[in-house]
Amino acid sequence: MSTVYIHRTGLLTCPHCGFAANTVGGSRTSIDPEDTPAKERIFLCGNCYKPSRSVKNGLLICLTPCDDSEFSPAERASIVRIRRFLAECNPQTPQQHEEAAKAAIIFRLSLIFPGHPGGAPLYWRDETSGRAARIVGRFLEGGDLPMTDLEFLRQYCQHWITAPCWQRNPFSALLPLPPGEGRDEGMASRIDALTEQIKLVTTTAELRAWLRAAQEIGIDPL
């Protein structure tokens, strides 16, 4: 399942509010009636932050309105994160809307962590620019993080939980589970659950809860 992401275009008009200057959007893979994968464009308006779906008629592309209920939980969470980022930018003028849309591209696309060298996750203390240390420091001090910092940590935790080394652990089936959990669940299924749950994180409180759940099985990204 692909993630909704930001891409600016000034050629389309939002069917919800008529705003045309800074419609921002992304893509997802849909299946047509013949089970053929096809690219479907999903857009978020830079003004009202509501989603729309692109429809192509010959050379003409227009948008039709849709709502959050049409998306998967992970896609809805991605939309919420983008909305909160745009709202934190607090654009008031057309120029500020344009600047916010450009910043949203950086917000969504520039925080991708590289792969897992040797099957292990990267560690935030080894990041050399100092950005990771500043964000982790703010997080450990308590309180809510701004959306850019939260998304950085969320992607960092997603990078950690998807590291192949956890699934390769030959002793994972022997590790104890927290009280009340099914003894036959195993660590592998807990990792699978955490992998899906990190995609749904949209607030600092949810990230703290996810970290506590990861620590219960011995995984501590921080």
Checking the structure you have, find out if any residue of region 72-85 is farther than 17 Å from Leu200 by Cα and in the same structural domain as Ser52 (by TED's automatic domain parsing). no
For Asp32, only one of the following conditions fails: (1) within 24 Å of Tyr156 (Cα to Cα); (2) modelled with pLDDT under 75. What is its number? (1)
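The values are calculated or read from the model by the stated rules, or taken from the named source; none is laboratory data. Everything numeric here is computed off the predicted structure, so don't read it as measured data.
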